[in-house]
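The values are calculated or read from the model by the stated rules, or taken from the named source; none is laboratory data. No experiment lies behind these values; they were computed from the predicted model shown. Cβ atoms come from the backbone with ideal geometry, glycine included; neighbour counts cover every protein chain shown.
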Amino acid sequence: MKRSLRSLAAALSLALILTACGNVQTPTNETQNPQSADSAQTQSVKDDSGETAEAGKYDDFAYWKEGSPVVESIKEFVKNATDESSPNFIPKADRIVTFDWDGTLYAELNPTYFEWAMLEYRLAEDSSYAAPPEMRQFGLELREGMNVRKFASDAETYQARYSASAFSGMTLEEYKDYVRMFMAKDSEGFENLKYGEGWYQPMISVVKYLYDNDFKIYICSGSNRHLIRTVVEGSPLEEYIPSENIIGTDSTILAEHQGNTDGYEYSYSEDDALIFGGQLVYKNLNMNKVSSITNEIGKIPVLSFGNSGSDIAMCELAQQSPYGGKAYMLLCDNVEQDYGNLEKAANFKAKCEEHNFTTISMNDDFEQIYQDGTIISKSTEETAETETAEEAETQAAEETAANAA
């Protein structure tokens, strides 16, 4: 016993000496942290204020175009919300903000959602997983859809169901490791961008600005919440959005040895681990976003940011805030730095105007969308022509069916 204590003391002493000399190095795992070494080093260097140099990049809306009316609108709202003498003052406890994830904070058209791309890989490319025939076929259809940026009308329903099923039996840590593995892959449709790096740089500036003014930030997304939590870890948003502030689509969570026993009757034990049960609980879109915000936050947001029709309900909720809430919607109208769709953006802008939402033009308001050096690797003209041709074909088929009826 004395020998063991002496050995422990010696080991501790050696560790302290090495630490003092600066020779202790923490091993890195590229799979768990897909960021480059240069990026990781930049994030670790702090300036005199205690903030990282990386965080400083997002001050003063540097990634936005000078004079953007959207920036002025956000600043005006925050100025009134934080001024105790203003009739529009909002107490800190009620400064709640909700952000959609795909297409609002993170790449949506790359050329499709992160979660969809990861499911395609799981079903059609991952040699370690034998997908059932119907699921593998769906994975192949996803791959085809990604190539032309066009998916079947019922693809979202199957995607949600199969995303739950495809990872059934995985522990939460195994699932997170899988997400990290996929984050390290090159993002489809871009050069110099990994899947884990698809953040909209201007929107990080917005999050930081709101956080610095004592707003509490939530993500409310249609993607799996554990996926988003994993992508946020180690990202520029980790400091501003803790994991408990991430709301998303849920699948069942079971105990490893629970089997078919109802959770009401089963007690979690020391031998258990948490695993995915394989069943979709609900897809967090449209009214489900309002329900989840109500249940998990318990307050009406005063600000909400989205980018699609499935965010309208969430944004309408914010505008019902007793403090005079405001909603912002991104328009996918940039075809130089991203895979925008001008017709889709124009139609959505008209819909936003009907709801009195403030629109953010990714073309007119953003100076830079992605991290330095990122460029799109496919012709937007070619993909736009493909979309237009397919849309015209679909419309013609619908008109033919209607005339026949």
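Brief remarks follow.
- Residues of the range 67-78 that turn out to be assigned to a helix (DSSP H, G or I) and either farther than 14 Å from residue 326 by Cα or at pLDDT below 95 (or both), as a count: 1
- Residue that is nearest to residue 73 (Cα to Cα) [pool: residues in the range 321-354 that are buried (at least 22 other Cβ atoms within 10 Å of the Cβ) and charged (D, E, K, R)]: 326
- Residue in the range 192-199 that is surrounded by fewer than 19 Cβ atoms within 10 Å (Cβ to Cβ) and touching a Pro at 6+ places or on another chain (Cβ under 9 Å) present: yes
- The single residue among 351, 344 that is over 26 Å from residue 377 (Cβ atoms) and basic (Lys, Arg) turns out to be 351.
- Of all residues making up the range 200-234, the number that are assigned to a loop (DSSP other than H, G, I, E, B) and surrounded by fewer than 20 Cβ atoms within 10 Å (Cβ to Cβ): 4
- Per-region count, the range 344-371, residues in contact (Cβ under 8 Å) with a residue 40 or more places away in the chain and over 26 Å from residue 302 (Cβ atoms): 5
- Some residue of the range 83-92 being of a type in the set (Val, Ile, Thr), out of contact with any strand residue (DSSP E or B) (no Cβ under 7 Å at 6 or more places or on another chain) and at pLDDT 95 or above: yes
- Applying the condition of being among the charged types (D, E, K, R) and assigned to a loop (DSSP other than H, G, I, E, B) to the range 248-302 and asking which residue is nearest to the chain's Cα centre (by Cα) yields 283.
- Yes/no for residue 179 being in a helix (DSSP H, G or I), closer than 30 Å to residue 94 by Cβ and of a type outside the set (Phe, Trp, Tyr): no
- Residues located in the range 103-136, provided they are in contact with a strand residue (DSSP E or B) (Cβ under 9 Å, 6 or more places away or on another chain), charged (D, E, K, R) and closer than 18 Å to residue 158 by Cα: 115
- The set of residues in the range 264-289 that are within 27 Å of residue 346 (Cβ to Cβ) and surrounded by 13 or more Cβ atoms within 10 Å (Cβ to Cβ) comprises 285, 286, 289.
- Here residue 208 clears all of (1) of a type outside the set (A, V, I, L, M, F, W, C); (2) closer than 30 Å to residue 339 by Cα; (3) free of Cβ contacts under 8 Å to residues at least 40 places away in the same chain except the condition numbered (3).
- Pick from the range 202-229, criterion out of contact with any Gly (no Cβ under 9 Å at 6 or more places or on another chain) and of a type in the set (S, T, N, Q), ranking: nearest to residue 177 (Cα to Cα): 205
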